[in-house]
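What follows is a short report on a single structure.
The values are calculated or read from the model by the stated rules, or taken from the named source; none is laboratory data. In this text the structure is predicted, and so the values were computed from the model without any measurement. Protein only, heavy atoms only, side chains kept; ligands, DNA and RNA dropped before computing areas. Shrake-Rupley method; radii C 1.70, N 1.55, O 1.52, S 1.80 Å.
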Amino acid sequence: MTLSEEAVETLGNRLYEAYREARATSPPSETHDLTTEDAYRIQRAAVERRGESFVGYKLGFTNERIQDQLGVDRPAYGRLTADTVSDEAVVPTDEFVSPRIEPEIAFVLEAIEPPAEVHDVLAATRAIVPAIEVVDSRTGSWSPTPADAIADDALAAGVRLGPTAAAIEGTDLSMEAVQVRKNGRLVETGLGANVLDHPVRAVRWLANRRPIEEGTLVLTGSLTPTVEIDAADVVEARFSTLGSVSIRAD
């Protein structure tokens, strides 16, 4: 049974308050049976409460290792707002409940209308950018149900974009490698092929579910499992051809 608008607003407000106050709240599934559609309605209600402009999407759970790590069995999308995207290197951990980071390949896109094929994504790609995404669980759980994860904006929390952008022509993103170093120590490695076999396919997955407007930013999903961060940690994602991006937890 589809959730009422009142229930959607109540659950969305609860997740928004958890986001705003950086405190954990109970998952929506604790009190309601959620369909995927319900979860996306809650997500939208929570994100719209921020009053921030929409800038793009983050894709989550496109990597089988992430799916295994978090117990989620399918991709999902979340919404990115202007307040979450930054070129600042400092991440204030007290603004999150339980932050982790993910190294990602970001796309800056022209408009794409569904149905979309791989060649449509390639033609619409303005640039690709290395990124670190900060993910967070406002329910405090790192083994959420798929519906709870979607309602919680697919765990989106923040984005640090790298200083360099590249053209997609001549770049085999399936073979793009990344090393994640925390405080100088190698903690994870990954490949672009870990993201639905190719990051372009991840964008195609999204474009066949949501219309992509000109200038939309899309994070395609983590190349590695999530990496926990604590105050004073310095994390760097070194990509094989796209350059590096780093953050410092404060």
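Here the chain has an Rg and Dmax of 17.0, 50 Å, counting Cα atoms alone.
Expressed per residue, the C-alpha convex hull volume of the range 1-112 stands at 146 Å³. For the range 1-104, the per residue solvent-accessible surface stands at 49 Å², with DNA, RNA and ligands left out and a 1.4 Å probe.
Size of the range 53-124: Rg and Dmax of its alpha carbons, in Å, are 14.9, 42. Amide H to amide H distances under 5 Å link Thr241 with Ala177, where only residues 5 or more positions off or on other chains count and H is placed in the peptide plane. In sequence order, the range 203-208 has phi-based couplings of 5, 4, 4, 5, 5, 8 Hz under the Karplus curve 6.51 cos²θ - 1.76 cosθ + 1.60, θ = phi - 60°, and Gly or Pro positions carry x.
What the Cα atoms of the range 91-132 give is an Rg and a Dmax of 15.3, 42 Å. Close amide H contacts of Ala157 (hydrogens built in the peptide plane, cut-off under 5 Å, sequence separation of 5 or more or a different chain): Val134, Asp136.
Working from the alpha-carbon coordinates of the range 154-250, get Rg over Rh, Rh being the Kirkwood radius.
Using Cα coordinates only, the ratio equals 0.97.
Can you put Tyr77, Tyr40 in order of accessible area, largest first, using a 1.4 Å probe?
Tyr40, Tyr77
Counting heavy atoms of the protein chains alone, Arg201 has an accessible area of about 120 Å² for a 1.4 Å probe.
Taking every DSSP helix (H) stretch of at least 4 residues in the chain, weighting each as -39,500 (n - 2.57) and dividing the sum by the residue count yields a mean residue ellipticity at 222 nm of -7000 deg cm²/dmol. Between Val55 and Glu9, the contour length at 0.36 nm per residue exceeds the alpha carbon distance by 14.3 nm.
Equivalent-ellipsoid semi-axes (√(5λ), Cα gyration tensor) for the range 124-195, whole Å, largest first?
Details: eigenvalues 137, 58, 33 Å².
Semi-axis lengths for the range 124-195 are 26, 17, 13 Å.
The apolar share of the surface of the chain, taken as the fraction of accessible area on carbon and sulfur atoms (1.4 Å probe, ligands and nucleic acids excluded), comes to 46 percent.
From largest accessible area down, sort Asp120, Asp87; use a 1.4 Å probe on the protein chains.
Numbers: Asp120 50, Asp87 115 Å².
Solvent-accessible surface, decreasing: Asp87, Asp120.
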